[in-house]
Amino acid sequence: MSLTLWNPESRSAPPRRSGMDDPGSEGRFGRFGGRFVPESLVPACEELERGFREAWADPAFRAALNQTLALYAGRPTPVTPAARLSAELGVTLLLKREDLAHTGSHKINNVIGQALLARRMGKTHLLAETGAGQHGVATATAGALLGLDVTVFMGERDMERQQLNVFRMELLGARVVGVSSGSRTLKDACNEALRNWVGAVDDAHYCIGSVLGPHPYPWMVREFQRVIGEEARGQCADLLTHGVPDVVVACVGGGSNAAGVFAGFVDTSARLVGVEPEGGAAVTFGQPGVLHGFQSYVLQDESGQILEATSISAGLDYPGVGPEHAHLADTGRASYVTMSDDEAVAAVSRLARTEGILPALESAHAVAWVLRAAGTADLPSGSTVLVNLSGRGDKDADQLARLM
Amino acid sequence: MTAGPLEAHLRGRRDAGRALLVPYVTGGVTADWLDYARAYAKAGADAIEIGLPFSDPMLDGGTIQEASDRALSRGVTPGGLLEELSGANVGAPLIIMTYGNVVYRAGPEEFCKRLAEVGVAGLIMPDVPYDEVRGLSGAALAAGIELVLLAAPSTTASRLERIAAESRGFVYGVTVMGTTGERGALAESAGSVAVRLRELTTKPVLMGFGISTPAQAVEAAAHADGVIVASALMRRVIEGATPAELGADVLAIRQALDVPQG
Ligand SMILES: Cc1ncc(COP(=O)(O)O)c(C=O)c1O
């Protein structure tokens, strides 16, 4: 057996500065991450890693990305002090307003990055999976902007639940393919997108919607979302006496909005809190496993079959979690908590009534944590807390109307 | 590294001039799934690939997805299926095909030890590529399980060389850039994968994915040492064909492969 397989020296040693750095050529975040894909996809992943490394080091690419984010997607998004809710809770609550980004959530940051990269690499076609449809809509949008064909895979059950977003994607010129296998939800859409990518690697880029998938995706998507944290860091410095908030909190589905905002504060004193939905809490209730190309915490039964997540918020309905979050949980740099469906719904109306901001059900999980923790040892009175408000709630209005 | 028993067995048959045939069955797809394996052995299978069903089979097309779903909805588990294999006396060497999570969940050492205990010779994991087998190859080696690696049409020359060197039992050549599943014609890429592998190794090279008919088996075997046939057989099982009928299907492929190729 050749030594390269075993020799740890042969692995590129990533620089370790803040804990959210380059995961090296093997895409490892501690014991998590990696590249668990069929051999046929390995060259495509390697090509993508090379393409991303080159682009990320190229000032021209960075400039084009920043310009598109500014002129098209509405960046920077503001940080809004939530004055009335802060007064009610006895803490200083700041909201990073990703709900104001184009298409209504942080998902646009990632897809513009990936779509520009795909075009630079000569790809003509974007493949995407979607659960609620937010990432599908964002990908369809970026495809329209850059003249790339878009195919979105979506579980048939999700298509029934999210008809409006299916229509939005089609309006934007994307093809939506229903997935009838397995549980007919997001995880099955991911499987189907990966299967299709195997047969289309020459022309197609698989535009993954969160910090998931084989290396380099978890790292690349975090880098494309890092803009949230970097902006917020500067904005907090202007707004807060101490410059950084005591706590930074974000909801965690796959974990991309959380990874983006955490990346801006991981080297500060801020506590990082990820909020998982009770029905899809991979860090809290999962075991180490392999799903969709990476090692992380995964909801599964005792023989390794993947379990379905069941959250009220379709965007958090994923049985795994990005590998970097699994690692941040292991090291203790971030902590992960869960919120129930009811707490999330209550947080939607509380924020809407006190601040005139209707948050996405996903983002409401992060707000819900503040509502629960304020005034306790977790978030003592007088604390400062930054919530990443990952998206707006218009998409959830129908669902909420039926619930309330 | 010296050849393990599976490789020795396949080499022996190959060197005697035989084109190798490895049919597949999804464990637990029906209550009498082992009878399909026995029928394959009787029909002249050189080894048999048994799929342990996984909920999220990333590299499988519709047919094997459906077979896996059926097995899982019957309530089977990997542990239970391996238990059934214990003492089953199928009549040909057995190779387990399953996804990484099934193995990691059980623990690679435990899993490989269990495979050896129930008489399994080899293991294939389609979502654990060469770079990630570290930790698994040690466990397999210690248990005497031959870990088969896959090579694809897109595999670069340097990777192909390492895969050919590290694969045990045989080398699994994937014919096509795609999932498992029947196809009207054998992919053009099939021949080149086989030819490139055979230049690198004397280990048996078996081609799989999309080999559906006796004629396609003969075509694929022309550049390789043999074939793996899965979806075409599993479609028949799903349609309700009996073990005896599947035995006849495998025999037809066997006989086509046994016709001396001029
Ligand atoms: C508004 C919003 N927030 C959060 C998420 C969850 O994704 P992630 O955890 O990757 O940020 C989604 C996913 O669709 C979303 O639409």
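For this structure, a couple of remarks:
- Sequence-distant lysines (8 or more away, or on other chains) whose Cα lies within less than 26 Å of A:K96: A:K107, A:K395
- In terms of Cα atoms, the Rg and Dmax of the stretch A:222-280 work out to 11.6, 38 Å.
- Here the stretch B:62-131 is described by how far its Cα atoms reach on the three principal axes: 32, 30, 21 Å, from widest to narrowest.
- Computed over the stretch A:155-296: relative contact order in percent, which uses C-alpha pairs under 8 Å that are six or more apart: 19
- Value of Rg/Rh across chain A [Cα atoms, Kirkwood radius]: 0.94
- Separation between Cα centres of the stretch B:226-251 and the stretch A:36-59, rounded to whole Å: 39
- Top positive-direction residue, dipole computed over chain A with Cβ charges, set A:V266, A:T185, A:G315: A:V266
- Based on the Kirkwood approach, the hydrodynamic radius assigned to the stretch B:5-250 is 17.6 Å, with every pair of different Cα atoms included.
- The stretch A:346-404 versus the stretch A:308-328: alpha-carbon centroid distance in Å: 19
- Considered as an equivalent ellipsoid built on the Cα gyration tensor, the stretch B:145-262 has semi-axes of 25, 15, 14 Å, the largest given first.
- Using a probe radius of 1.4 angstrom, the carbon and sulfur fraction of the accessible surface of the stretch A:8-160 is 53%.
- Relative contact order of chain B, defined on C-alpha pairs under 8 angstrom at six or more residues apart (%): 23
- In sequence order, calculated HN-Hα J values of the stretch A:206-212 (Karplus, 6.51, -1.76, 1.60; Hz; x Gly/Pro): 8, 9, 6, x, 8, 7, 10
- At 1.002 mPa s and 20 °C, Stokes D of the stretch A:79-206 from Kirkwood alpha-carbon radius, µm² per second: 137
- Under Karplus coefficients 6.51, -1.76 and 1.60, residue-wise ³J(HN,Hα) of the stretch A:91-97 in Hz, glycine/proline x: 10, 9, 9, 10, 10, 7, 8
- Between chain A and chain B, the total buried accessible area stands at approximately 3500 Å², from heavy atoms with a 1.4 Å probe.
- Taking Cα atoms only, the orientation of helix A:217-239 departs from the longest principal axis of chain A by about 30 degrees.
- Computed over chain A, relative contact order equals 19 percent, with contacts defined as Cα pairs under 8 Å that lie 6+ residues apart.
- Taking the accessible area of the stretch B:167-262, probe 1.4 Å, and keeping the other protein chains in place, the carbon and sulfur fraction comes to 56%.
- The protein assembly as shown: calculated mean residue ellipticity at 222 nm from DSSP helix runs of at least 4, using -39500 (n - 2.57): -13000 deg cm²/dmol
- DSSP beta bridges fully contained in the protein assembly as shown are about 20 percent antiparallel.
- Per-residue shielding of A:42-54, expressed as the average number of other chain Cβ atoms within 10 Å of the residue Cβ, stands at 2.
- For chain A, the solvent-accessible area works out to 34 Å² per residue, with a probe of 1.4 Å and every protein chain left in place.
The values are calculated or read from the model by the stated rules, or taken from the named source; none is laboratory data. On a predicted model such as this, the values are computed, not experimentally measured, just so you know. Backbone-built Cβ (ideal geometry, glycine too); neighbour counts: all protein chains shown. Protein only, heavy atoms only, side chains kept; ligands, DNA and RNA dropped before computing areas. Shrake-Rupley method; radii C 1.70, N 1.55, O 1.52, S 1.80 Å.
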